[in-house]
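Participant: Encoded as structure tokens, here's the structure I'll be asking about.
Since every read-out is calculated from the coordinates, none of them should be taken as a lab result. Remember, it's a predicted structure, so these values are computed and weren't measured experimentally. Cβ sites come from the backbone with ideal geometry, for glycine too, and all protein chains shown count toward neighbours.
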Amino acid sequence: MTTPSLAPFHAPRRSDFASDFLWGSATSSYQIEGAARADGRVESIWDRFAATPGRVADGASGEVACDHYHRWPEDFDLARQMGTRAYRFSIAWPRIFGADGGAPNEAGLDFYSRLVDGMLERGLEPWATLYHWDLPQALQEQGGWNARATVDAYLAFVDAVTRRLGDRVKHWITHNEPWCTAIIGNYEGLHAPGLTDFKTALQVCHHVLLSHGRAVPVIRANVAEARVGIALSLHPLRAASASAADQAALARHDGLRYRWFLDPLFGRGYPQAIVEPGDMEAIAVATDFLGVNYYFPETVEHAPGDGPLETRVQPPAPGTAITALGWPVAPQGLTELLLRIEADYHPGPIYITENGSCYDDVVDADGAIDDVERRDYLQRHLAALKDAIAAGVPVKGYFAWSLIDNFEWAEGYRRRFGLVHVDFATQQRRLKASGRWYGQFLAGA
Ligand code: FCB
């Protein structure tokens, strides 16, 4: 996979960024932990989804994943070896609570407490995501995020976790990518719980945003000097053509994909309302940072009959550089997106909470993984980040997705995003060339 459409660029240097810029890597619980039945963990919607034939490629599941539950010291050593100073992880709700409320599972809390101590011992600042898609299955059976009661269940979970870890974890992300939770999981049906109902998806979206807003004061009450934000998956959006139909399609797509999340978070309400009194004020609670997950731009066309919005995202044009998942490689899209968000919302400090690339890695006879494309992707996106900062966007940190190869949701294990290679048969970890470069970059001037 080459990069034909990409312009020459200067590899960035660490000194191009502020000396206190935060450098990290990111993962999520279901994608790496495994140990699906250890220490009282209950079933999650992803366990159920993965166990349903035809839902995940190759019938894969997160049951073993990277066995990070037992191997985390080695993974944190690698994160440390690369020179990263922050680590974004998520907390598996099914390790802490099932559906019945009651007392939190101490063994689950103990695990995360050990994990956090392991990070701190290695100089990794913990950034905890409270929801990265692994809802307890029993809650799904009571309606999942479509039910308003799930907001209260989430607050109980958040309360238990932040009470226990708040003495050491100061940075909290309420939700990872509400779009994926709501739309991919409940309308497109490609992620757990695999539903295909648009109204449900919109209701889920509202409850997720509401749970964010109501969680923020809970976190602040439990954690001295808490810094709280939310991580959104965002794309720069363009119309496929200048035609009135494509321009109108772009406006509709933009309304759902971008403004449906950012407008209420920054106090402007939904493009249309489906809410109870007080909800919008709760969602618009002031946060300490905005997390942006960036992968690629979307080009939108008018598509009569296609979904409730009659829009379609075009596949990349022939000749466009793409990753092994077919996602366009467009580093300037990161600059464009950040400039737009800053102009639209002035959200305050922004952290890139995910950015990374999927390529088919080859392990050489000597065990090396020369993933030049991933290294190139990383370099180009850091150069684009530098441009956004130079243009005045207050980006304060960057978390590479991902520290280690992992369970890539519906794609199973065939899609690799890690800076560290994982041999899933032996669980052997090997730093890839991209990870080595990140380490050299962080060690350099
Ligand atoms: C994001 C998810 C993350 C990972 C990357 C590749 O949408 O937040 O878990 O799957 O994509």
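Participant: I'd like the FRET efficiency for Leu325 and Val363, computed as 1/(1 + (r/R0)^6) with the beta carbon distance as r and R0 of 25 Å, rounded to 0.05. Please list the in-between numbers first.
Facilitator: Details: r = 20 Å, r/R0 = 0.80.
Calculated transfer efficiency: 0.80.
Participant: Kindly write out, for segment 431-442 in residue order, the coupling ³J(HN,Hα) from the Karplus curve 6.51 cos²θ - 1.76 cosθ + 1.60 (θ = phi - 60°), rounded to whole Hz, with x marking Gly and Pro.
Facilitator: 5, 7, 4, 5, x, 4, 5, 4, x, 5, 4, 6
Participant: Can you give me the long-range amide H partners of Leu234? Hydrogens built in the peptide plane at 1.01 Å from N, cutoff under 5 Å, separation of 5 or more residues or another chain.
Facilitator: It is Asn293, Tyr295, by chain and number.
Participant: Looking at the chain as a GNM with Cα springs under 10 Å, which of Pro193, Pro73, Pro318 has the largest mean-square fluctuation?
Facilitator: The residue with the greatest mean-square fluctuation here is Pro318.
Participant: Could you work out the relative contact order of segment 14-442? I mean the mean sequence separation of Cα pairs under 8 Å and 6+ apart, divided by the number of residues, in percent. Can you show the working numbers first?
Facilitator: Values: 878 pairs, mean separation 75.0, N = 429.
Contact order relative to length: 17 percent.
Participant: Using Cβ counts within 10 Å as a stand-in for footprinting exposure, how do Leu309, Leu234 rank, fewest first? Don't skip to the end; give the middle numbers.
Facilitator: On the way: Leu309 17, Leu234 25.
The order, fewest Cβ neighbours first, is Leu309, Leu234.
Participant: Only bridges with both residues in the chain count here: give the DSSP antiparallel percent, nearest 5. Can you show the working numbers first?
Facilitator: Working: 9 of 46 bridges.
For the chain, the DSSP antiparallel bridge percentage is about 20.
Participant: Normalised by the number of residues in segment 248-370, what is the relative contact order in percent for Cα pairs under 8 Å and 6+ residues apart? Mind dumping the intermediate values first?
Facilitator: On the way: 135 pairs, mean separation 33.0, N = 123.
The value is 27 percent.
Participant: Quick check on the exposure proxy: order Ser233, Ser402 from fewest to most C-beta atoms within 10 angstrom.
Facilitator: In increasing order of surrounding Cβ atoms, one gets Ser233, Ser402.
Participant: Can you put Thr181, Thr196 in order of Cβ neighbours within 10 angstrom, beginning with the fewest?
Facilitator: Working: Thr181 25, Thr196 11.
Lowest to highest Cβ neighbour count: Thr196, Thr181.
Participant: Here's something else I'd like to know. Would you look at the GNM of the chain, springs on alpha carbons closer than 10 Å, and say which of Ala425, Ala224, Ala390 moves the most?
Facilitator: Among Ala425, Ala224, Ala390, the largest GNM mean-square fluctuation belongs to Ala425.
Participant: Which residue fluctuates the most in the chain, going by a Gaussian network model with Cα springs under 10 Å, if the choices are Gly229, Gly397, Gly59?
Facilitator: Of the options given, Gly59 has the highest mean-square fluctuation.
Participant: Right, next: Return the percentage of antiparallel bridges among DSSP beta bridges fully within segment 275-401, rounded to the nearest 5 %.
Facilitator: Working: 4 of 11 bridges.
Restricted to segment 275-401, the bridges split so that about 35 percent are antiparallel.
Participant: Give the cross-link partners of Lys396 among the lysines, using a straight C-alpha distance below 20 Å as the criterion and excluding same-chain residues fewer than 8 apart.
Facilitator: Cross-link targets: Lys170, Lys386.
Participant: Based on the alpha-carbon gyration tensor of the chain and its eigenvalue square roots a ≥ b ≥ c, which shape applies: rounded if a/c is under 1.5, prolate if not and a/b is larger than b/c, or oblate? Provide the component values of the computation, followed by the final result.
Facilitator: On the way: a/c = 1.29, a/b = 1.02, b/c = 1.26.
Since a/c stays below 1.5, the shape of the chain is classed as rounded.
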